[in-house]
Amino acid sequence: MADELLRYRSEFPILERTTYLISNSLGAMPRAVYDAMKGYADLWASRGVRAWEERWWMLAAEVGDEIGVLMNAPKGSVSTHQNVTTCQAVVASCFDFSGKRNKIVYTDMNFPSVMYFWEAQRALGARVHMVKTDDGIRVPTERLLDAIDETTLLVPVSHVIFRSAYINDAEAIIEKAHKVGAHVVLDIFQSLGTVPVDVRALNADFACGGVLKWLCGGPGVGYLYVRPDLGKKLEPKFTGWFAHRNPFGFEAGPIRYSDPPFRFMNGTSHIPALEAARPGLKIIAGVGIPRIREKSKRQTARLIQLADQHGWRVNTPRDPERRGGTVSIDMPDAQEVCRELLKREILVDWRPKAGVRMSPHFYNTDEELETAIGAVEEILKERAMAVR
Ligand SMILES: Cc1ncc(COP(=O)(O)O)c(C=O)c1O
């Protein structure tokens, strides 16, 4: 059957020159970003400071809504930031660790930046509990749920694990957290754009991520969803004039908070990055995440099958329902193999305890999977010959 999604390939120049299997790290750039960047420069050049009023001020909220649609977030509930680490800081600043409820529960499968941030909050009184993985692939759900107790304040966890593509049981984690009065900060960086996310169905408290991977939006735009009832009452201490009810009043003294999404922002927005993000978001919305997911399940299954045929270790769940968009394959000398693949224009990456990560997206052909695996086979053969 013809793969309908391949008609989007022409939107991404890099696909003409490379085997691009690295959307878990940086999605391919849409051709339309050239025009978006030119539009940005033209507006700045021609309208000068009036660009703020005419377009830029509202951009942070508009792009937030464009991201929000993809996760079924209500309008106005998604603020934009530079990155996920900043989003953690905004959330943390809404709480304090001086009371009995000061425990942070996270897992060693989180993205390191998210760990470093929460570990650093010990200095402010947070008690931090790390749940460890047994196999380097899955998060032990029961152990995680057991760690969430009446003293737990926040549970910052990845929805899809960056190393193994394991899909965490977000429903169970959120349900347990709510039962004991804790809040979950769900990092959907590795899910949104390739795995369906519905923040309303999940009853998520907070969800954050960035647009540069599966959303093909480039670096510089992170996003933070705050559930509307929380959004009305939380008061981030990491704040600034963009969050003020009357920013152009330039009032002295404490802030008077505006409504979300600006309530969760702080200083001047990252306009060029917001402009660059829009073409990718438009394409993803047009393709539709259910279709992306269907194809991703098929292509990741094929990669696993090919890896198995060669006897390479697969550090990714085999159950498609628990597997995100990446397949981590640990073949012999994986780091070296990865370097060689890059030289051959096959773009993938290598991570410790994962292996070579291959991440097909809606724009990849089935042949590209065979090309990548065939190249690994060839490289390993050449290395074996060289050793002899
Ligand atoms: C799950 C996850 N969270 C966060 C990040 C990055 O965090 P930040 O946006 O702060 O650089 C990544 C990867 O870059 C990731 O895979």
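For Arg17, the accessible surface of its heavy atoms amounts to roughly 150 Å² (probe 1.4 Å, protein chains only, rounded to the nearest 10). Computed on the chain, the Cα convex hull volume stands at 147 Å³ per residue.
Given +1 on the Cβ of Lys and Arg, -1 on the Cβ of Asp and Glu, and no further charges, what dipole in debye does the stretch 63-211 carry about its Cα centre, rounded to the nearest 20? Before the final figure, lay out the partial values.
Details: 13 positive and 17 negative charges, 65 e Å.
Rounded to the nearest 20 debye, it is 320 debye.
Full extension of the chain between Tyr34 and Glu378 yields a length gain of 120.2 nm, computed as 0.36 nm times the residue separation minus the alpha carbon distance. Accessible area per residue for the stretch 135-197, computed on protein heavy atoms with a 1.4 Å probe, is 29 Å².
Assuming 0.36 nm per residue, please report the length gained on full extension of the stretch Arg47 to Glu171 beyond their Cα-Cα distance. Working shown, then result.
Details: separation 124, 0.36 × 124 = 44.64 nm, distance 4.76 nm.
The Arg47-Glu171 span can extend by a further 39.9 nm.
Calculate what fraction, in whole %, of the accessible area of the chain sits on carbon and sulfur atoms when a 1.4 Å probe is rolled over the protein chains. That share works out to 55 percent.
Counting only DSSP beta bridges whose two residues both lie in the stretch 73-176, roughly 10 percent are antiparallel. For the chain, a simple Cβ point-charge model (Lys and Arg +1, Asp and Glu -1, everything else neutral) yields a dipole of about 540 debye relative to the Cα centre.
Under a Gaussian network description of the chain, with springs only between Cα atoms under 10 Å, the residue in Ala354, Ala277, Ala120 that fluctuates furthest is Ala120.
Counting lysine pairs in the stretch 255-363 whose alpha carbons fall under 26 angstrom apart, excluding pairs fewer than 8 residues apart on the same chain, gives 4. For the chain, Cys94, Cys216, Cys338 have no disulfide-compatible partner, since no other Cys C-beta lies under 4.7 Å from theirs. Site pair Arg302 and Ile14 shows an inter-label distance of 2.1 nm when each label is modelled 7 Å from Cα along Cα→Cβ. With the chain treated as a Gaussian network of Cα nodes joined by springs under 10 Å, which of Thr365, Thr194, Thr326 yields the largest mean-square fluctuation? Fluctuation is largest for Thr365.
Accessible surface for the stretch 277-337, divided over its residues, is 41 Å² per residue with a 1.4 Å probe.
About the Cα centre of the stretch 43-83, how large is the charge dipole given +1 on each Lys and Arg Cβ and -1 on each Asp and Glu Cβ? Please answer in debye to the nearest 20. Kindly include the intermediate steps, with their values, before the conclusion.
Numbers: 4 positive and 5 negative charges, 22 e Å.
Charge dipole of the stretch 43-83: 100 debye, to the nearest 20.
Within the stretch 253-272, what residues put their amide N at less than 18 Å from the label point 7 Å along the Cα-to-Cβ vector of Leu26? It comes to 272, nothing else. Multiplying the residue separation of Lys75 and Arg55 by 0.36 nm and removing their Cα-Cα distance gives an extension gain of 5.4 nm.
Computed from Cα atoms alone, the Kirkwood hydrodynamic radius reported for the stretch 118-158 is 11.5 Å.
Cross-link partners of Lys237 among lysines, defined as those whose alpha carbon lies under 30 angstrom from its own and excluding same-chain residues fewer than eight positions apart: Lys75, Lys100, Lys103, Lys176, Lys179, Lys213.
Along the axis of the charge dipole computed for the stretch 151-281 (Cβ charges of +1 for Lys and Arg, -1 for Asp and Glu, origin at the Cα centre), the listed residues Val226, Thr239, Cys216 are led at the positive end by Thr239.
Which value in deg cm²/dmol, rounded to the nearest 500, describes the helix-derived mean residue ellipticity at 222 nm for the chain, given -39,500 (n - 2.57) per DSSP H run of n ≥ 4 and division by the residue count? Before the final figure, lay out the partial values.
On the way: 12 runs with 145 residues, N = 388.
About -11500 deg cm²/dmol.
Placing R0 at 51 angstrom, the Cβ-Cβ distance between Glu294 and Ala252 gives a FRET efficiency of 0.35 after rounding to 0.05. Secondary structure note: in the chain, about 55% of the DSSP beta bridges are antiparallel.
Distance from a point 7 Å along Cα→Cβ of Arg245 to each backbone N in the stretch 50-87: keep the residues under 18 Å and list them by number. So the set is empty, nothing qualifies. Taking the Cβ of Val63 as the centre, find all other residues whose Cβ is under 9 Å away and add up their charges (Lys, Arg: +1; Asp, Glu: -1). Summing Lys and Arg as +1 and Asp and Glu as -1 gives -3.
Filter the trypsin sites (Lys or Arg not before Pro) in the stretch 320-378 down to the DSSP loop ones having no more than 16 other Cβ atoms within 10 Å, then list what survives.
Values: sites: Arg322, Arg323, Arg339, Lys343, Arg344, Lys353, Arg357; in loops: Arg344, Lys353.
In loop regions of the stretch 320-378 (DSSP not H, G, I, E or B), the sparsely surrounded trypsin sites (Lys or Arg not before Pro) are Arg344, Lys353.
Between Glu367 and Val387, what is the FRET efficiency for a Förster distance of 22 Å, r being their Cβ-Cβ separation, to the nearest 0.05? Kindly include the intermediate steps, with their values, before the conclusion.
Working: r = 30 Å, r/R0 = 1.39.
For Glu367 and Val387, the calculated efficiency is 0.10.
Hey, could you get me the Stokes-Einstein D for the stretch 321-361, Kirkwood radius over alpha-carbon pairs, 4 °C and 1.567 mPa s, rounded to whole µm² s⁻¹? My calculation gives 123 µm²/s for D. Positive end of the dipole of the chain (Cβ unit charges, origin at the Cα centre): among Met265, Met109, Ile283, the Cα lying farthest that way belongs to Met265.
The values are calculated or read from the model by the stated rules, or taken from the named source; none is laboratory data. Worth saying up front: this structure is predicted, and the values here are computed from it rather than measured. All Cβ positions, even for glycine, are placed from backbone atoms using ideal geometry, and neighbour counts span all protein chains on display. Note: areas computed on protein heavy atoms with side chains; ligands, DNA, RNA excluded. Shrake-Rupley method; radii C 1.70, N 1.55, O 1.52, S 1.80 Å.
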